[in-house]
Amino acid sequence: MTPRRTVIEPFKIKVVEPLPQPTRAQREAVIAEAGWNLFRVPARRVTFDFLTDSGTTAMSAAQWAAMMIADESYAGSRSFEALELAVRRITGFHHVIPTHQGRAAERLLFSVLVKPGTLVPSNNHFDTTRANIEQLGGEAVDLVTAEAADSRSRYPFKGNLDVDRLDELCRRERARIPLGMITITNNTGGGQPVSFANLREVAAVYRRHGIPFIIDACRYAENAWLIKRREPEQAERPVFQIARSIFDLADGCMVSAKKDGMVNIGGFIALRDPAWVPHLRSLLILTEGFPTYGGMAARDMEALAVGLDEALDESYLAYREAVARYVAEGLEAVGMPVVQPPGCHAVYLDAGALLPAVPSSRFPGQALACALYLAEGIRSCEVGSVMFGKHATKELVRFAFPRRVYTQAHMDRVLEGVAEVVAGRDRLLGMRIVEEPPFLRHFTARFEPILAPS
Ligand code: F0G
């Protein structure tokens with residue numbers, strides 16, 4: 001048989017939802033009304049929603065079926081037992097603490113460990129992780145590898161943590177470090193994976209200094225898959241074994257189940273050692289719910305128990321990776337520079353490189369994101385000077401892909417829209433802010449486009 005080139009969607013579609021297709025005139029009215037901020041655009045006016053891969057998954061028939069048999073008992077729910085079993089089987093961590101989403105898990109764990117003046121190293125902390133550490137007076141320290149800075153470099157593991165700098169920090173500041181982390185995949189850095197070799201070294205550094213090692217593992221399956229694909233020593237191992245080997249290196253994990261949990265809401269902490277568990281459970285009861293449901297309905301826990309395994313299905317992961325690769329190749333083919341190499345959950349468009357004449361003070365990423373909405377109803381997310389202000393190092397726009405939601409034909413249409421924007425890029429002169437809140441301005445600020453002098 002001739003080898004097949006086309007990676008197919010490994011599912012049939014059982015339930016469908018109409019795709020909103022506003023006209024160009026409607027889009028023009030909507031974006032002006034929204035103050036040129038895509039967070040303010042109603043979803044019913046968006047055709048391709050790439051704002052996030054978080055909580056936007058299409059669930060499987062098996063997940064919906066599991067939801068029907070959920071046990072909604074307040075205490076000791078059978079559905080919690082199902083979730084606990086799945087988490088233990090996949091991670092090897094015995095103690096499972098359910099939460100309503102990832103940031104609740106962060107808040108609980110950090111409330112127990114982080115005090116004013118403490119340091120928490122990672123490759124890159126996700127925004128909510130950083131904010132939860134800082135809110136408690138701690139400092140989130142990013143130690144991602146230097147290769148991550150070059151968006152054109154094809155280095156396969158740009159999520160790696162710089163082990164030398166980590167070791168140096170631990171030697172200097174051991175007493176101030178209550179836990180060490182790593183984020184897989186490294187969302188803030190572009191959804192880039194961490195290699196197994198790097199995870200092993202990071203674990204060894206933390207162990208040598210007696211620092212508990214907690215993984216932010218919300219994209220654990222995608223990271224395990226990219227290890228299999230890019231790290232020759234791991235290529236022959238089944239992905240569930242690679243995932244288990246990753247967890248075997250650590251003392252616990254925090255997970256937003258809205259990503260590789262394949263569900264729309266949920267999260268958990270899982271730990272090997274019981275030491276922190278009583279304190280965590282008390283806080284859980286205080287703010288999330290009883291220890292056998294945390295912030296979730298039992299039906300959510302059932303769906304998650306199934307989803308955690310579905311995420312490790314290799315035909316699903318091959319398709320997942322192919323989506324990002326296909327879109328990244330298509331974007332480059334129409335002249336849109338992207339961060340290389342793409343991971344699984346997103347592709348990052350390099351607005352700074354596309355629009356070199358637009359300075360950061362005129363928000364090239366925001367200008368590009370709005371042009372993409374006008375051209376094709378695409379909702380993306382600026383990750384640059386609007387989001388990070390003076391701390392921005394790049395002007396990017398993220399296309400994050402909901403799991404199992406869009407087909408290849410959808411992506412082809414997206415690429416047609418992008419080609420039109422690239423062709424008309426000389427007309428993009430940037431944006432100015434007309435109204436902004438004191439923090440997290442990207443969610444609510446209002447903009448207006450800068451027009452050519454007539
Ligand atoms: N950690 C990482 C690496 C994340 O990407 C996210 C969320 C969280 C923690 C927080 O989880 O949303 O369930 O509270 N990332 C989403 C995104 C919001 O769009 O990348 P949460």
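The values are calculated or read from the model by the stated rules, or taken from the named source; none is laboratory data. This structure is a prediction, so every number in the text was calculated from the model and none was measured. Quick reminder, even Gly has a Cβ in these numbers, built from the backbone with ideal geometry, and neighbours come from all protein chains shown. For accessibility, only protein heavy atoms count, side chains too; no ligands or nucleic acids. Shrake-Rupley method; radii C 1.70, N 1.55, O 1.52, S 1.80 Å.
Close Cβ contacts (under 8 Å, 6 or more residues apart or on different chains) running from residues in the stretch 186-197 that are away from the ligand (no atom under 11 Å from the Cβ) and part of a loop (DSSP other than H, G, I, E, B) to residues that are open to solvent by 10 Å² or more (accessible area, probe 1.4 Å) and basic (K, R) comprise P193/R230; S195/R230.
For the condition within 16 Å of the ligand (Cβ to nearest atom) and either open to solvent by less than 10 Å² (accessible area, probe 1.4 Å) or over 15 Å from N124 (Cβ atoms) (or both), I215 qualifies. Does the stretch 10-32 include one or more residues that are surrounded by 11 or more Cβ atoms within 10 Å (Cβ to Cβ) and in contact with a Cys (Cβ under 8 Å, 6 or more places away or on another chain)? Within the stretch 10-32, one or more residues are surrounded by 11 or more Cβ atoms within 10 Å (Cβ to Cβ) and in contact with a Cys (Cβ under 8 Å, 6 or more places away or on another chain). Does the stretch 383-395 contain any residue that is of a type in the set (S, T, N, Q) and open to solvent by 30 Å² or more (accessible area, probe 1.4 Å)? Looking through the stretch 383-395, at least one residue is of a type in the set (S, T, N, Q) and open to solvent by 30 Å² or more (accessible area, probe 1.4 Å).
Residues in the stretch 86-122 that are among the polar types (S, T, N, Q) and in a strand (DSSP E or B) were compared, and the one that is nearest to D167 (Cα to Cα) is S122.
Return yes when S54 is modelled with pLDDT of 95 or more and more than 19 Å from A400 (Cβ to Cβ) and no when it is not.
Answer is no for this residue.
If you go through the stretch 124-146 and pick out every residue that is more than 28 Å from G294 (Cα to Cα) and under 20 Å from the mean Cα position of the chain (by Cα), you end up with 5. Screening N160 against (1) without any contact (Cβ under 8 Å) to a residue 40 or more places away in the chain; (2) surrounded by fewer than 20 Cβ atoms within 10 Å (Cβ to Cβ) leaves a single unmet condition, (2).
Confirm whether Q234 is away from the ligand (no atom under 16 Å from the Cβ), polar (S, T, N, Q) and surrounded by fewer than 18 Cβ atoms within 10 Å (Cβ to Cβ). So Q234 does not fit the description; no. Of all residues in the stretch 29-44, those that are in the same structural domain as A367 (by TED's automatic domain parsing) have Cβ atoms under 8 Å from Cβ atoms of residues that are exposed (fewer than 14 other Cβ atoms within 10 Å of the Cβ) and in a loop (DSSP other than H, G, I, E, B), 6 or more apart or on another chain, in V30/P42; N37/T444; F39/T444; R40/T444. Checking each residue in the stretch 125-144 for being open to solvent by 20 Å² or more (accessible area, probe 1.4 Å) and touching a strand residue (DSSP E or B) at 6+ places or on another chain (Cβ under 8 Å) picks out F126, R130, E134, E139, V141, D142, V144. For residues that are closer than 15 Å to L354 by Cβ and free of Cβ contacts under 8 Å to residues at least 60 places away in the same chain, tally how many sit in the stretch 424-454. So the answer is 3. Considering every residue within the stretch 195-205, establish whether at least one is of a type outside the set (D, E, K, R) and under 16 Å from V114 (Cβ atoms). Checking the stretch 195-205: not a single residue is of a type outside the set (D, E, K, R) and under 16 Å from V114 (Cβ atoms).
The residue pairs whose first member lies in the stretch 112-135 and is at pLDDT 95 or above and among the aliphatic types (A, V, I, L, M), whose second member is assigned to a loop (DSSP other than H, G, I, E, B) and surrounded by fewer than 15 Cβ atoms within 10 Å (Cβ to Cβ), and whose beta carbons are closer than 9 Å, counting only pairs six or more residues apart or on different chains, are V114/G137. On inspection, V306 qualifies as open to solvent by 10 Å² or more (accessible area, probe 1.4 Å), in a helix (DSSP H, G or I), outside the structural domain of Y348 (by TED's automatic domain parsing) and of a type outside the set (D, E).
Within the stretch 222-241, being in a helix (DSSP H, G or I), over 15 Å from R88 (Cα atoms) and touching a residue at least 12 places away in the same chain (Cβ under 8 Å) holds for E222, N223, A224, W225, L226, I227, K228, R229, R230, E233, Q234, V239. Yes or no: the stretch 96-109 includes at least one residue that is assigned by TED's automatic domain parsing to the domain that holds D273, away from the ligand (no atom under 16 Å from the Cβ) and surrounded by fewer than 20 Cβ atoms within 10 Å (Cβ to Cβ). No, the stretch 96-109 contains no residue that is assigned by TED's automatic domain parsing to the domain that holds D273, away from the ligand (no atom under 16 Å from the Cβ) and surrounded by fewer than 20 Cβ atoms within 10 Å (Cβ to Cβ). Cβ-Cβ distances below 7 Å connect the following pairs, each with a first residue in the stretch 64-82 that is at positive phi, a second residue that is among the hydroxyl-bearing types (S, T, Y) and surrounded by 15 or more Cβ atoms within 10 Å (Cβ to Cβ), and a separation of six or more residues or different chains: G76/T292.
If only one of D350, D309 is of a type in the set (D, E), under 30 Å from F80 (Cβ atoms) and touching a residue at least 12 places away in the same chain (Cβ under 8 Å), which one is it?
After applying the criteria, what remains is D309.
Only one of these conditions is not met by A375: (1) surrounded by fewer than 22 Cβ atoms within 10 Å (Cβ to Cβ); (2) within 21 Å of the chain's Cα centre (by Cα); (3) not in a loop (DSSP other than H, G, I, E, B). Which number is it? Only one criterion in (1) surrounded by fewer than 22 Cβ atoms within 10 Å (Cβ to Cβ); (2) within 21 Å of the chain's Cα centre (by Cα); (3) not in a loop (DSSP other than H, G, I, E, B) is unmet by A375, namely (2). In the stretch 41-61, is there at least one residue being in a helix (DSSP H, G or I), surrounded by fewer than 21 Cβ atoms within 10 Å (Cβ to Cβ), away from the ligand (no atom under 16 Å from the Cβ) and not basic (K, R)? For the stretch 41-61, residues in a helix (DSSP H, G or I), surrounded by fewer than 21 Cβ atoms within 10 Å (Cβ to Cβ), away from the ligand (no atom under 16 Å from the Cβ) and not basic (K, R): present.
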